[in-house]
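Just dropping this structure here.
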Amino acid sequence: MLLYYITDRTQFEGDETSRRRQLLDKISEAARCGVDYVQLREKDLSTRELESLALKAVRCIEAETRNTKLETGLLINSRTDVAIAVGAAGVHLRADDISPYVVREIWTKSGAKSRPVIGVSCHTDSDVARAQGADFAVFAPVFEKHDAPGVSPAGIESLRAASRHKIPVLALGGVTLANAGDCLDAGAAGVAGIRLFQQGDLAATVSRLRGL
């Protein structure tokens, strides 16, 4: 079961410096608790700011997983160049982004030794079909989101259909501890979320999800 934490520093209180510090603390905690992937999704940052934050996030994860059996990969949202520059595990692509095959070509030409981990955002069954070449698809929104009441949820049956493709599919959008099991029963390979991982007791959340 894959656990995928998507970051949003704006949900933390305080000024910008405090929010970034809290975000890095949460990324460290995620690595310590065994979350599989962290998607750095701070889309409002300039390239230089994103690179600086991403580099600190990579170091946080390395500090928590060094000399342990834990592995947490940092994926940079839609910025292959930044991911390569900071030594991240890979990238997360939008549904209308460049193809995973292009990312792999860029990665190889950069001289990076590791194979990139690639996730793709998907909102329809067709999106998932087009995501071939990625390591997994993130399908959303499965359930209604309180912060996006105008967005119609895809529902469990759409998730079930999307999960029939050969690529692993993670459920995103309104996923909670109460309904995560339904996502797995529908064929999802794991769950993704912002609040699910960023709020509350993360160690307890991971433990309960691993127990499903």
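The values are calculated or read from the model by the stated rules, or taken from the named source; none is laboratory data. This structure is a prediction, so every number in the text was calculated from the model and none was measured. Cβ atoms come from the backbone with ideal geometry, glycine included; neighbour counts cover every protein chain shown. Note: accessible area is taken over every heavy atom of the protein model, side chains too, but ligands, DNA and RNA are not part of it. Shrake-Rupley method; radii C 1.70, N 1.55, O 1.52, S 1.80 Å.
Taking A204 as the residue in question, decide whether it is within 14 Å of C122 (Cα to Cα), aliphatic (A, V, I, L, M) and either without any contact (Cβ under 8 Å) to a residue 40 or more places away in the chain or part of a loop (DSSP other than H, G, I, E, B) (or both).
When the stated conditions are applied, A204 does not pass them.
Would you check which residues across region 7-66 are within 19 Å of V86 (Cβ to Cβ), hydrophobic (A, V, I, L, M, F, W, C) and either open to solvent by 50 Å² or more (accessible area, probe 1.4 Å) or not in a helix (DSSP H, G or I) (or both) and list them?
Residues satisfying the conditions are V35, V38, L40, L45, L55, A63.
Residue-wise test of (1) in a loop (DSSP other than H, G, I, E, B); (2) under 17 Å from the mean Cα position of the chain (by Cα); (3) surrounded by fewer than 17 Cβ atoms within 10 Å (Cβ to Cβ).
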| position | (1), (2), (3) |
| --- | --- |
| T68 | yes, no, yes |
| E71 | yes, yes, yes |
| L74 | no, yes, no |
| H92 | no, yes, no |
| W107 | no, no, no |
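Continuing with the same structure: Tell me whether region 132-153 contains one or more residues that are assigned to a helix (DSSP H, G or I) and crowded, with 19+ Cβ neighbours inside 10 Å.
no
Also, quick follow-up: Go over the candidates L209, L196, L170, L177 one by one and state the one that is in contact with a Ser or Thr (Cβ under 7 Å, 6 or more places away or on another chain), surrounded by 20 or more Cβ atoms within 10 Å (Cβ to Cβ) and touching a residue at least 12 places away in the same chain (Cβ under 8 Å).
After ruling out the rest, the residue left standing is L196.
Hey, another quick one. Checking the conditions here, which among I106, I118 is of a type outside the set (F, W, Y) and under 30 Å from A203 (Cβ atoms)?
Result: I118 is the single residue among I106, I118 that is of a type outside the set (F, W, Y) and under 30 Å from A203 (Cβ atoms).
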